[in-house]
Amino acid sequence: MGLTGTVIGLDLNPAMCLRSQANALLSGTQMQCREGRMEEIPLDDSSVDVVISNGVINLSFQKRKVIRELFRVLRPGGRFSFTDIVSAKQLSQSIVNDPKLWAS
Ligand SMILES: C[S@@+](CC[C@H](N)C(=O)[O-])C[C@H]1O[C@@H](n2cnc3c(N)ncnc32)[C@H](O)[C@@H]1O
């Protein structure tokens, strides 16, 4: 983040936004959380240096759209780091057909 950087959070749930801002403050970091969806990130093109995501992308029904949005907001040469749940084998059709089992 450096001395002049800005940390922006994103969550569709306002309660989670408040919680993340409170936790950031505890660690001495100023963070502004935007309420919004990762499928339509409320940020300008090429406006972000680094995207970090933990346990969120797997929740989307529109993962390709999410990845397109990540690249849209990242500046050229920007980086992203994410951790998520990945299935190493093909899920059974009954699981694939039931979003409650693989998305929120
Ligand atoms: C498993 S939690 C992970 C939270 C946080 N990244 C962490 O590591 O503690 C998933 C979070 O993603 C948010 N979320 C789910 N779908 C979303 C979406 N489409 N756009 C933005 N946030 C979303 C939920 O509100 C929730 O706060």
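Just so it is clear, none of the values below were taken in a lab; they were calculated from the coordinates. Small disclaimer: the values here were computed from a predicted structure and weren't measured. Note: ideal-geometry Cβ built from the backbone for every residue, glycine included; neighbour counts use all protein chains shown.
Using only Cα atoms, tell me the angle between helix 14-26 and the longest principal axis of the chain; keep it within 0 to 90° and round to the nearest 10.
50 degrees
Label points 7 Å out from Cα along the Cβ direction at Arg75 and Gln32: separation in nm?
Inter-label distance under the simple model: 1.7 nm.
Fully extended, how many nm does the chain gain between Phe82 and Asn13 (0.36 nm per residue separation, minus their Cα-Cα distance)? Please list the in-between numbers first.
On the way: separation 69, 0.36 × 69 = 24.84 nm, distance 1.96 nm.
Length difference between fully extended and current span is 22.9 nm.
What aspartates and glutamates does Lys65 reach when the alpha-carbon gap must be under 20 Å and sequence neighbours fewer than 8 apart in one chain are set aside?
Asp11, Glu35, Glu39, Glu40, Asp44, Asp45, Asp49, Asp84
How large is the helix-only mean residue ellipticity at 222 nm for the chain, computed as the sum of -39500 (n - 2.57) over DSSP H runs with n ≥ 4, divided by its residue count, in deg cm²/dmol to the nearest 500? The partial results should precede the final answer.
Working: 3 runs with 28 residues, N = 104.
-7500 deg cm²/dmol, from helical runs alone.
Compute the helix-to-body angle for 63-73: its Cα long axis versus the longest principal axis of the chain, expressed 0 to 90° and rounded to tens.
Between the helix axis and the principal axis of the chain, the angle is about 20 degrees.
Could you line up Arg64, Arg19 from fewest to most neighbouring Cβ atoms inside 10 Å? Provide the component values of the computation, followed by the final result.
Working: Arg64 9, Arg19 14.
Starting with the residue having the fewest Cβ neighbours, the order is Arg64, Arg19.
Could I have the simple spin-label model distance between Lys89 and Leu3, label points 7 Å from Cα toward Cβ, reported in nm to one decimal?
My value for the distance between the label points is 5.5 nm.
Could you give the dipole magnitude of the chain about its Cα centre, charging the beta-carbon of Lys and Arg +1 and that of Asp and Glu -1, in debye to the nearest 20?
Working: 12 positive and 10 negative charges, 52 e Å.
Charge dipole of the chain: 260 debye, to the nearest 20.
Take every Cα pair under 8 Å in the stretch 39-85 that's 6+ residues apart, average their separations, divide by the length, and report that relative contact order as a whole percent. Write down the numbers at each step before the final one.
Details: 63 pairs, mean separation 26.7, N = 47.
Answer for the stretch 39-85 is 57 percent.
Which listed residue (Gln62, Leu12, Pro76) has the Cα farthest towards the positive end of the charge dipole for the chain, taking +1 on Lys and Arg C-beta and -1 on Asp and Glu C-beta about the Cα centre?
Gln62
Quickly work out the Asp45-to-Gln62 label distance, labels modelled 7 Å from Cα along the C-beta direction, and quote it in nm with one decimal.
1.8 nm
Give the relative contact order (percent, whole number) for the chain; include only Cα pairs under 8 Å separated by 6+ residues. Write out the running numbers ahead of the final one.
Working: 128 pairs, mean separation 24.3, N = 104.
Value for the chain: 23 percent.
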